[in-house]
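Please read through the structure below; I'll follow up with questions.
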Amino acid sequence: MSSARDLLRDVVDRDLCIGCGACAALPASALEIAMGEDGRYRAVPRNGADLDAEGPYTAVCPFAGGFDEDALSRMFLDSDRARTDPRIGAHRAVAAGHVTAPGFRDNGSSGGMTSWFLNRLLDEGEIDAVLHVKPGTPGADRLFAFGVSETTEELNAGAKTRYYPVEMSRVLSHVREHPGRYAVVGVPCFIKAVRLSQLEQPVLRERIRFAVGLVCGHLKSTRFAESLAWEQGVDPAELEAIDFRVKSRERSDRYSVSVTGAGGRTHTAPTSELSVTDWGMGFFKYTACDYCDDVLAETADISFGDAWLPEFTPDPEGDNIVVARSESAREVLHRNRRDLALTDITAHRAAQSQDAGLRHRREGLSYRLARDLASGRTPPAKRVTPSLEVPARRRRIYDVRSEMIGEGDRAFAAARASGSFRTFLSGIAPVVARYHAAYGTNGLVERAKRRALRHMPGLTRRVQRALGR
């Protein structure tokens, strides 16, 4: 057992809290989840609570140590009977493709598989409700939040990808207080938190029948959405809605971002022309994400992601990677194959579809852990072995990516104070130049800028304008 004070000291104070809400959902918890000024959820003390009273606080936290993804996979997915791969985890079936049944692919961010699978669970009576991220109600202070959907109509209204901070304390408490059979949808660390919570609270293990995982690069703060809106002329304070992935069927860059400001006026811009959409840079990510080694939600019954493979990416409608881990999830796919255009692929191909994310979370994490140890900090226990034996070029890339989290936040805070998005662009310009220099073969900044101009024209031109060049 541990105390809330232990969790605050070992996780929150070290900036490893992802704000999932598992600790706050414990019965009579001394903690709650609050949004910070930097647009990130974190655990904080509940007013008047005894922070020293014991409870399973660290036991349910995905970044506090304890059971890792391999152990949880054995407990929940009977992974000893499945094939395993060190990059994608346990699996009984691996495929790529899309839904052919009407409505799902058109309304989804890619191939429509996640919504389709959840619809099948509801329609076939496997579950009574789904816990998933839904748009906030009009006038709410958050654009998205976890909610409960009991019908396919409610469920489908919440389809699509959300790059936005959310927390689960309310819906996990709902499961404990309302009998029924549930499925939960989330990014890897959230699904891990659910599994850990199920070990501590048998009622959650009984009622949450399916865990559906989403392949994840990292979680964003609210400032990501605000930046995308501000760059399109919508003040962050007036942002009412955002669609992060509008399919661009007539454009080679595939996706656009649509934002709605006060008065209902909508603006749309290609993703490639916006300044913070390079996922490798990682502006506005949680620090905790740099200490996660799970990309494909290895503790979920089934995982879905984008099929970033050359045989699938030319189709602007989008395709999914599908990794079925539990036998029950594999059976849902098998008996509904008529609704799907799926091609069986190897675990190696599935890992290749997420190559960049896996490299950052495995090799990059190995380096970050060793870097922490060398500087006297105690990093969290992970499945990855700490090592400084990483090529110098990639060490420079990983170092600059770590800097970008803080630099982006400082620049955005300065921009809000000045009321000008140009302040943000000029503020991030030096670290963006260092990032591209790290990718250059000789490390020269000017060469990196020329490379950026070829490969990221939208961001580079904006940064140059902000600097008056």
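Run down ARG361, ARG349, ARG371 and say which single residue is under 22 Å from the mean Cα position of the chain (by Cα) and open to solvent by 30 Å² or more (accessible area, probe 1.4 Å).
Unique residue meeting the criteria: ARG349.
Counting just the residues of the stretch 25-68 that are hydroxyl-bearing (Ser, Thr, Tyr) and part of a loop (DSSP other than H, G, I, E, B), which one comes out surrounded by the fewest Cβ atoms within 10 Å (Cβ to Cβ)?
Here the residue is SER29.
Residues to consider are ARG359, ARG338, ARG371; find the one that is assigned to a helix (DSSP H, G or I) and farther than 22 Å from PHE63 by Cα.
The conditions single out ARG338.
Answer with yes or no whether THR114 is open to solvent by 10 Å² or more (accessible area, probe 1.4 Å), within 22 Å of the chain's Cα centre (by Cα) and among the polar types (S, T, N, Q).
Criteria met by THR114.
Then there is this: Can you confirm whether the stretch 310-331 contains a residue that is farther than 18 Å from ARG92 by Cα, over 15 Å from the mean Cα position of the chain (by Cα) and assigned to a helix (DSSP H, G or I)?
No, the conditions are met nowhere in the stretch 310-331.
While we're here: Name every residue in the stretch 5-19 that is closer than 20 Å to GLU200 by Cα and open to solvent by less than 10 Å² (accessible area, probe 1.4 Å), in order of residue number.
LEU7, VAL11, ILE18, GLY19
Sticking with this one: Only one residue in ARG120, ARG207 is surrounded by fewer than 22 Cβ atoms within 10 Å (Cβ to Cβ), touching a His at 6+ places or on another chain (Cβ under 9 Å) and either touching a residue at least 12 places away in the same chain (Cβ under 8 Å) or on the phi > 0 side of the Ramachandran plot (or both), so which one is that?
ARG207
Report yes if some residue within the stretch 365-384 is charged (D, E, K, R) and within 15 Å of HIS98 (Cα to Cα); otherwise report no.
Checking the stretch 365-384: not a single residue is charged (D, E, K, R) and within 15 Å of HIS98 (Cα to Cα).
Restricting attention to the stretch 213-227, report how many residues are assigned to a helix (DSSP H, G or I) and either at pLDDT below 95 or of a type in the set (Lys, Arg) (or both).
1
Residue-wise test of (1) under 27 Å from ASN107 (Cα atoms); (2) among the basic types (Lys, Arg).
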site: ALA262; (1), (2): yes, no
site: ARG265; (1), (2): yes, yes
site: GLU298; (1), (2): yes, no
site: ALA307; (1), (2): yes, no
site: GLU311; (1), (2): yes, no
site: ALA324; (1), (2): yes, no
site: ARG362; (1), (2): no, yes
site: ASP372; (1), (2): no, no
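Of all residues in the stretch 383-404 being touching a residue at least 40 places away in the same chain (Cβ under 8 Å) and in contact with a Ser or Thr (Cβ under 9 Å, 6 or more places away or on another chain), which is most open to solvent (accessible area, probe 1.4 Å)?
Filtering the stretch 383-404 for residues that are touching a residue at least 40 places away in the same chain (Cβ under 8 Å) and in contact with a Ser or Thr (Cβ under 9 Å, 6 or more places away or on another chain), the one most open to solvent (accessible area, probe 1.4 Å) comes out as ARG393.
Let me ask something else. Just to verify a result, which residue in the stretch 295-314, among those that are of a type outside the set (A, V, I, L, M, F, W, C) and surrounded by fewer than 23 Cβ atoms within 10 Å (Cβ to Cβ), is farthest from TRP116 (Cα to Cα)?
Taking the candidates together, the pick is PRO310.
Right, here's the next one. Specify which of the listed residues (ARG81, ARG92, ARG105) is among the charged types (D, E, K, R), more than 20 Å from LYS382 (Cβ to Cβ) and in contact with a His (Cβ under 8 Å, 6 or more places away or on another chain).
Result of the check over ARG81, ARG92, ARG105: ARG105.
For the stretch 179-212, give me the residue count where each residue is out of contact with any Asp or Glu (no Cβ under 8 Å at 6 or more places or on another chain) and either at pLDDT below 95 or farther than 15 Å from PHE146 by Cβ (or both).
Number of matching residues: 12.
Moving to a separate point now. Check PRO135, PRO179 and return the single one that is surrounded by fewer than 16 Cβ atoms within 10 Å (Cβ to Cβ) and more than 16 Å from the chain's Cα centre (by Cα).
When all the criteria are applied, what remains is PRO179.
Then there is this: For the stretch 316-346, how many residues are touching a His at 6+ places or on another chain (Cβ under 8 Å) and surrounded by fewer than 16 Cβ atoms within 10 Å (Cβ to Cβ)?
Going through the stretch 316-346 one residue at a time, the tally reaches 2.
Please state which one of LEU51, LEU72, LEU16 is more than 22 Å from the chain's Cα centre (by Cα) and modelled with pLDDT of 95 or more.
Going through LEU51, LEU72, LEU16 in turn, just one is more than 22 Å from the chain's Cα centre (by Cα) and modelled with pLDDT of 95 or more: LEU51.
Then there is this: Quick check, is ARG245 of a type in the set (Lys, Arg), farther than 28 Å from PHE67 by Cα, at pLDDT below 95 and under 17 Å from the mean Cα position of the chain (by Cα)?
yes
Can you report the number of residues in the stretch 172-193 which are farther than 13 Å from GLU298 by Cβ, in contact (Cβ under 8 Å) with a residue 12 or more places away in the chain and assigned to a loop (DSSP other than H, G, I, E, B)?
Residues meeting the conditions: 3.
Still on this structure, I have one more. ARG92 passes all but one of (1) within 22 Å of the chain's Cα centre (by Cα); (2) modelled with pLDDT of 95 or more; (3) not β-branched (Val, Ile, Thr); which number fails?
Here ARG92 clears every test but (1).
The values are calculated or read from the model by the stated rules, or taken from the named source; none is laboratory data. Predicted model only: the values in this text are computed from it and were never measured. Glycine gets a Cβ as well: all are built from the backbone with ideal geometry, and neighbour counts include every protein chain shown. Surface areas here come from the heavy atoms of the whole protein model, side chains and all, with no ligands, DNA or RNA. Shrake-Rupley method; radii C 1.70, N 1.55, O 1.52, S 1.80 Å.
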